[in-house]
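The values are calculated or read from the model by the stated rules, or taken from the named source; none is laboratory data. Treat the numbers as computed from the prediction; the structure is a model and nothing was measured. We place every Cβ from the backbone using ideal geometry, glycine too, and count neighbours over all the protein chains shown. Please note that ligands, DNA and RNA were not included when accessible areas were found on the heavy atoms of the full protein model with its side chains. Shrake-Rupley method; radii C 1.70, N 1.55, O 1.52, S 1.80 Å.
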Amino acid sequence: MAEVSDAANAGTSRSEEPISDFDPKSMRKTKPGLKRLFLTLSVLFSFVLGFPFLWKSVEIYRAPLPFREIDHLSARLDSAPLLFPCHFQAIFIGFNSKSSASADDLQSAISDRVPKLTSQTPHCDYTISVSVGSDAIRAVDFDRGDDEAVDELLESALGGSAGERKVYSVVVVNRDEDVRAVVGKYRHAWISGRVSEAEAVSRVAEIFVKVFVNGGKEEGLIHGEFMPVGADGRIVLSFNLLNADPRDGVYYDWDFQKIEETVLAPVIDALRPISTISVESQVLYHTPKSSFSYWDDKWSSYIFSTKELPFFVNSNEWHLDTSVAAGGSYIPSADEFPLLLQLPNGEVSKTNGFISPMWGGVIVWNPEDGGEFADSKHPVRHRISHQDLEKVFEVFMGQLRQLFGLKSDNVFVGASGASRLLTSERGFTLWELDVLSRKHTCFNLHSCATTLGSLSKLVQSLPRMIIMDEIGKQVHYSLEAAKLAQINASLGVSDASAVASRQARSLAEDAFLHPSIMSISYYSFEHCFAVYSPFFLPVTMHVLLAALREWRRYKQENRKYLAWKTKVNKAS
């Protein structure tokens with residue numbers, strides 16, 4: 001019995017031997033639980049899963065914009081200027097002697113002369129053809145002295161276009177008389193008189209370039225942007241009749257509706273491809289000028305000089321709309337009647353009118369019967385006659401032409417001589433409308449490219465900017481209109497290209513000035529992070545640190561348990 005008892009005691013001592021080696025700091029007998037780790041990771045995952053919802057809640061809707069097409073449009077306009085195909089046709093009559101040059105020689109001479117007169121950025125891709133003699137032109141009587149009739153005959157004989165291509169013609173008639181040059185109201189000009197071939201080549205090239213291409217524009221005319229055409233391609237012409245002081249006993253009125261129907265309607269119709277024009281009028285009273293005038297015995301009139309023009313318009317009394325192109329007919333008071341504008345050379349102005357920057361055209365009109373009513377004791381209402389109104393609006397039309405960058409008179413003086421310019425009842429001749437269409441097409445396309453380029457840079461610099469679908473559509477339509485304008489320009493369809501370029505500019509401006517862009521203050525992503533981080537960052541950091549700490553604790557406790565299990569397994 002003693003032996004059995006000793007053996008049992010020996011086994012018991014061996015089984016309890018690992019227990020005596022247990023270290024609580026590095027071992028544990030039970031497996032660590034996952035409850036704390038699961039709860040901590042659940043909180044962490046809830047934050048992680050909630051982040052996409054938070055990001056979605058602050059997401060900004062941005063319609064896709066064609067940034068590459070916008071950059072391509074700007075680069076194309078900068079690298080390759082827009083060129084309209086123009087065909088120049090010269091016809092020489094009376095140069096049939098043996099010493100006369102052939103048509104090929106004349107064409108070569110004109111082709112060499114034209115590039116020397118062309119500006120650095122031409123608007124035309126020209127071709128030149130020359131013919132010596134023409135049966136159709138021989139039937140035209142240049143001795144009639146009626147330039148209007150000659151112009152009509154040339155139009156019926158030559159026409160002004162070949163399909164969609166514009167054809168500009170100059171007829172040179174060598175005859176025994178003084179040289180005179182006339183530019184018609186269509187696309188024709190003629191030079192008649194004793195002229196040599198060299199002189200004829202020089203004058204023909206000058207008319208082609210300086211008149212038909214550049215519009216006869218000279219130094220001294222108004223430069224810069226054209227007529228204040230709005231971004232939507234519209235112009236509002238506001239005509240004002242200004243009575244300086246009706247208390248003198250007389251005030252004037254006008255029948256504007258009749259002058260609008262007879263004078264302005266053809267002008268509005270002619271300029272329709274370039275701009276949509278609307279007209280308004282008003283009669284104002286008690287509108288004195290701000291400048292001073294003095295009596296001049298030489299002219300027996302009151303005089304105001306060109307130095308006083310910046311102060312002539314009285315902005316406090318003249319209630320003019322500065323957002324439109326205003327024209328004012330100023331009737332002076334009896335205290336300064338008649339009132340004349342003196343030019344710097346000492347002479348008085350024939351039109352008695354001027355253009356005031358930011359206001360428009362102003363005409364000082366001295367009625368012929370103004371002195372008769374000056375001493376009237378009772379107010380007398382007087383209506384301006386239709387003939388006088390036509391004279392006033394002739395001056396207004398000259399000022400309008402100047403604002404469009406054209407000449408206000410009917411004479412072009414070049415290096416080779418002077419040329420008479422026939423006028424049109426529409427205010428603008430056919431070749432002048434071609435010039436305006438070309439210039440406005442180029443201006444509108446460059447303005448469209450600049451506006452879209454600015455919008456592209458703005459959108460890319462502000463990732464938080466809202467871009468509505470309407471803005472995206474306007475940008476796409478603007479690019480399509482610009483592309484159509486370039487196609488029409490390459491085909492020589494100047495009217496259609498002007499209309500398409502106007503649409504392109506209008507849509508680009510509408511996209512850039514969309515209310516959804518202008519009404520919201522945008523901020524960068526860094527600003528958004530700075531706003532939300534004080535709310536979420538502290539809690540997120542605590543949750544993240546707690547999860548890491550719990551994960552480290554679980555791994556440490558699990559190592560303790562594995563160490564105990566390893567020791568038990570070795571002992572058994």
Would you mind listing how long segment 229-321 runs along its three principal axes, going by Cα atoms, in whole Å with the largest first?
49, 30, 29
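Provide the per residue accessible area, probe 1.4 Å, for the chain, rounded to a whole number of square angstrom.
Details: 30420 Å² over 572 residues.
Using a 1.4 Å probe on heavy atoms only, each residue of the chain averages 53 Å².
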Based on alpha-carbon atoms only, what is the radius of gyration of segment 430-533 relative to the globular estimate 2.2 N^0.38 Å?
1.36
Loop-resident chymotrypsin sites (Phe, Trp or Tyr not before Pro) in segment 471-572 with no more than 16 other Cβ atoms inside 10 Å, DSSP not H/G/I/E/B, are TYR522, TYR523
As a test question: what accessible area, to the nearest 10 Å², does SER454 have when a 1.4 Å probe is rolled over all protein chains in place?
50
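For the chain, return all DSSP H helices satisfying: extent of Cα atoms along own axis at least 15 Å; mean Kyte-Doolittle hydropathy at least 1.0.
Counting only whole DSSP H runs, the qualifying helices are 35-57.
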Cut-off under 5 Å, modelled amide H: who pairs with TYR126 long-range:
CYS86
Simple label model, 7 Å out from Cα along Cβ direction - THR262 to GLU148, nm:
1.5
Would you mind checking the pairs LYS56/LYS457; LYS166/LYS473; LYS210/LYS298; LYS25/LYS570 and listing those with alpha carbons more than 31 angstrom apart?
LYS166/LYS473; LYS210/LYS298
Can you give the longest stretch of the chain with no exposed loop site, where a site means trypsin sites (Lys or Arg not before Pro) in a DSSP loop (not H, G, I, E or B) with at most 14 other C-beta atoms within 10 Å?
378-572
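Return the carbon/sulfur percentage of the accessible area of the chain, one whole number, probe 1.4 Å, all protein chains in place. Spell out each step's value before the answer.
Working: 16770 of 30420 Å².
Reported share for carbon and sulfur atoms: 55 percent.
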Sparse-neighbourhood loop sites, chymotrypsin sites (Phe, Trp or Tyr not before Pro) in segment 41-79 - DSSP loop, at most 16 other Cβ within 10 angstrom:
TYR61
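Using 1/(1 + (r/R0)^6) with R0 = 45 angstrom and r between the beta carbons of ARG420 and MET468, what's the FRET efficiency to the nearest 0.05? Walk me through the numbers on the way to the answer.
Details: r = 56 Å, r/R0 = 1.24.
Rounded to the nearest 0.05, the efficiency is 0.20.
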Relative to the present Cα-Cα distance, how much length would full extension add between THR450 and SER281 at 0.36 nm per residue of separation?
57.4 nm
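Normalised radius of gyration for segment 332-483, please: alpha carbon Rg relative to 2.2 N^0.38 Å, two decimal places.
Numbers: Rg = 24.4 Å, N = 152, 2.2 N^0.38 = 14.8 Å.
In units of the globular-protein estimate, segment 332-483 measures up at 1.64.
Looking at the chain, identify the longest residue range that excludes and avoids all GluC sites (Glu not before Pro) in DSSP loops having at most 13 other Cβ atoms within 10 Å. Could you put the intermediate results ahead of the total?
On the way: sites that count: GLU16, GLU59, GLU164, GLU177, GLU218, GLU219, GLU225, GLU347, GLU368, GLU425.
In short, 426-572.
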Over the chain: helical MRE at 222 nm, DSSP H runs n ≥ 4 each giving -39500 (n - 2.57), nearest 500:
-14500 deg cm²/dmol
Quick check: residue separation of ALA75 and ASN558 times 0.36 nm, minus the Cα distance between them. What number comes out in nm?
167.1 nm
Hey, for a label at GLU177 modelled as a point 7 Å past Cα toward Cβ, could you say which residues of segment 187-212 have their backbone N under 17 Å away?
189-196
³J(HN,Hα) across segment 411-428 via Karplus (A = 6.51, B = -1.76, C = 1.60, θ = phi - 60°), whole Hz, x for Gly/Pro?
9, 10, 10, x, 5, 8, x, 8, 9, 8, 10, 6, 9, 10, 5, 8, x, 9
Amide H partners (placed H, <5 Å) of VAL283, local residues excluded:
LEU241
Rg (one decimal) and Dmax (whole number) from the Cα set of the chain, in Å, equal 42.8, 166
Go through the cysteines of the chain and tell me which have no other cysteine Cβ under 4.7 Å away.
CYS442, CYS448, CYS528
